[in-house]
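Read through the structure below, which is laid out as structure tokens, and then see the notes.
Just so it is clear, none of the values below were taken in a lab; they were calculated from the coordinates. Please read all numbers here as calculations on a predicted model, not as lab measurements.
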Amino acid sequence: MLLGSGLGLLIPFVNGFVTRDWMWTTLSKGEYYVFSVDASWLVIGISGLLICRYYLQKKETVQKTLRNNEGLTDFIEERTPILHRISETKL
């Protein structure tokens, strides 16, 4: 996804270098179809990068939480049988 987002960001720039139709010139000439394609690729690329950033931060946070909770496994295992007995009792 990161590679695709990077390539998506490059499309408007490559289009500008090859055809000399930069986004601001196409907009001023009234070529809205060319501008909309370039703008769409920019939005797709930026949103993909933001999604990658959010996902990677979320993944790192989960890994840190799991590493920090390694010492709590004994406590959780000790409490589990009590909670299990409570849940088995009939009301």
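Could you give me the ³J(HN,Hα) list for segment 20-26, computed from phi with Karplus coefficients 6.51, -1.76, 1.60 and θ = phi - 60°, whole Hz, x at Gly and Pro?
6, 9, 6, 4, 5, 6, 5
Using 0.36 nm times the number of residues separating Tyr54 and Lys29, minus their current alpha carbon distance, what extension gain do you get?
Going from the current span to full extension adds 5.3 nm.
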